[in-house]
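Everything on this sheet refers to the single structure shown next.
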Amino acid sequence: VLDPFVGVGTTCLACRELGIDSVGVDISPLFALIARVKTRDHDPGELSRTRDEMFSVRFEKPDITGISPFTRRLFSRYVLEDIVFFRERIMEIEDDASREFFLLALMNASVKTSYIYRDGAVVKVRKKAHHPPSLRKMFRRVVNRMLGDLKKAEIKPSRASIYVGDARQLDFLEDSSFDAVITSPPYLNKIEYTRVYEPEYELFLPGAKVDAIRSYLGLAPKTEGYEVYQDLALPPVAISYFQDLRRALTETRRLLKVDGKVAMVVGGGVFPDRVIDVDLPLAQIAEEVGFEVKRIVAVNRRVATTRRVIKIGESRESLLIAEKR
Ligand SMILES: C[S@@+](CC[C@H](N)C(=O)[O-])C[C@H]1O[C@@H](n2cnc3c(N)ncnc32)[C@H](O)[C@@H]1O
């Protein structure tokens, strides 16, 4: 199974529970890290030993002067010092799987002990009157919870490989190598700005190159020479969104074996004056690039309003099922 928009790895984790080999790709190094940690084989005994060792190291005040003023405003000084202290301990762990396990735990604990408050596409700073809990305690709690989850997980023999990549061009994957593609691409007009995760990138993924603003689906309106759906008079962002979906579907088709199946969850795009359906145009694109559409299942409907009261239409989430011709 391939999920070319794997996000935090739900598809690949479900595959591991079923004993199916899978590949997941995401353009975001942060999500790819989360997906890797969730789908890997871990050794809980080894992780517990590393945890005990890490928490027994005496605290020494780290140098936090290299941290940007923006990120500094998001934490109390004590929390930030603890984060940097533990981050240094984690970076000393040689085994990739353990290092990333603790890095994810620390990331999670850091957000919980910060002043961060995310409001859609922006990071806000909560009133300083809010007293965040201790990072050390929170970190230990998160690690223990993750270890508990690992012990409960029912994983069958299988492999999951997670890559950072672009679903529109997956050159590193071979033609006709997958039985199925199960995925959910970003939704139209629900743009995931990586700026929201800037503090995480700065503190935990310093080397990661994120050029998400242009690589995200639908974010580079290049509409000239595109004739499809002209009758719908689509806004440029929707045109480039469908263009990108076409590229992703074309790649998907190349990677599937003959008769291979694709299952894709998409949602309608809500614009100020109307709702733009995605499932029906997507079905048309799928047919155009060489799939036979088997079913479109509406899984969820919501009334879309503008200025909270005026009904402009109904936005639907749908599951599209198609087969490679
Ligand atoms: C709707 S989410 C998928 C959620 C996923 N099912 C999960 O369990 O987390 C869409 C994902 O697509 C990723 N994405 C956006 N543009 C991409 C691209 N061009 N190639 C690959 N992934 C992309 C986003 O980073 C996001 O994680």
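See the values below:
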| item | result |
| --- | --- |
| Acute angle (nearest 10 degrees) that the helix 135-152 long axis makes with the longest principal axis of the chain, alpha-carbon atoms | 60 |
| Restraint check, LYS124/LYS151; LYS151/LYS324; LYS156/LYS261; LYS61/LYS151; LYS156/LYS257, Cα-Cα greater than 28 Å | LYS124/LYS151; LYS151/LYS324; LYS61/LYS151 |
| Neighbour cut-off at most 11 other Cβ (10 Å), DSSP loop, trypsin sites (Lys or Arg not before Pro), region 113-181 | LYS127, LYS128 |
| Principal-axis tilt of helix 96-112 within the chain, Cα atoms, nearest 10 degrees | 90 |
| Low-density loop cleavage sites - GluC sites (Glu not before Pro) in region 52-88, where at most 10 other Cβ are within 10 Å (DSSP) | GLU60 |
| Hz values of 3J(HN,Hα) by residue in region 51-60 - Karplus curve (6.51, -1.76, 1.60), Gly and Pro given as x | 4, 4, 4, 5, 6, 8, 6, 5, 5, 10 |
| Rounded to 5, the percent of DSSP beta bridges in the chain classed as antiparallel | 70 |
| Directionally averaged projected area (convex hull, Cα atoms, region 46-163), nm² | 9.5 |
| Carbon plus sulfur fraction of accessible area for region 265-324, probe 1.4 Å, in percent | 49 |
| Solvent-accessible area per residue, Å², over the chain with all protein chains present [probe radius 1.4 Å] | 52 |
| The chain - percent relative contact order, Cα under 8 Å, separation 6 or more | 18 |
| Distance from region 290-320 to region 264-281 (C-alpha centre basis), Å | 6 |
| Within straight-line cross-link reach of LYS294, aspartates and glutamates at Cα separation under 14 Å, skipping those fewer than 8 residues along the same chain | ASP259, ASP279, GLU323 |
| Once the Cα gyration tensor of region 19-74 is diagonalised, semi-axes √(5λ) in Å | 30, 23, 6 |
| Cut-off 9 Å between beta-carbons: net charge of the residues surrounding ARG301, Lys and Arg +1, Asp and Glu -1 | 0 |
| Solvent accessible area, Å² - GLU251, 1.4 Å probe, full protein context | 20 |
| Prolate/oblate/rounded call for region 150-190, Cα gyration tensor, a/c under 1.5 rounded | oblate |
| Residues of type aspartates and glutamates that LYS311 reaches as a straight line, Cα spacing below 14 Å, ignoring anything fewer than 8 places off in the same chain | ASP273 |
| Kirkwood Rh and Cα Rg combined as Rg over Rh, evaluated for region 52-99 | 1.02 |
| Cα gyration tensor shape of region 248-325, rounded if a/c is under 1.5, else prolate or oblate by comparing a/b with b/c | prolate |
| Exposure rule at most 14 other beta-carbon atoms within 10 Å, DSSP loop chymotrypsin sites (Phe, Trp or Tyr not before Pro): the chain longest free segment | 173-325 |
| Angstrom value of the Kirkwood radius, inverse mean 1/r, which spans all Cα pairs in the chain | 21.8 |
| Principal-axis tilt of helix 29-39 within the chain, Cα atoms, nearest 10 degrees | 80 |
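The values are calculated or read from the model by the stated rules, or taken from the named source; none is laboratory data. Quick caveat: nothing in here was measured; it's all calculated off a predicted structure. Neighbour counts run over all protein chains shown; Cβ positions are idealised from the backbone, glycine included. These area figures cover heavy atoms from the full protein model, side chains too; ligands, DNA and RNA do not enter into them. Shrake-Rupley method; radii C 1.70, N 1.55, O 1.52, S 1.80 Å.
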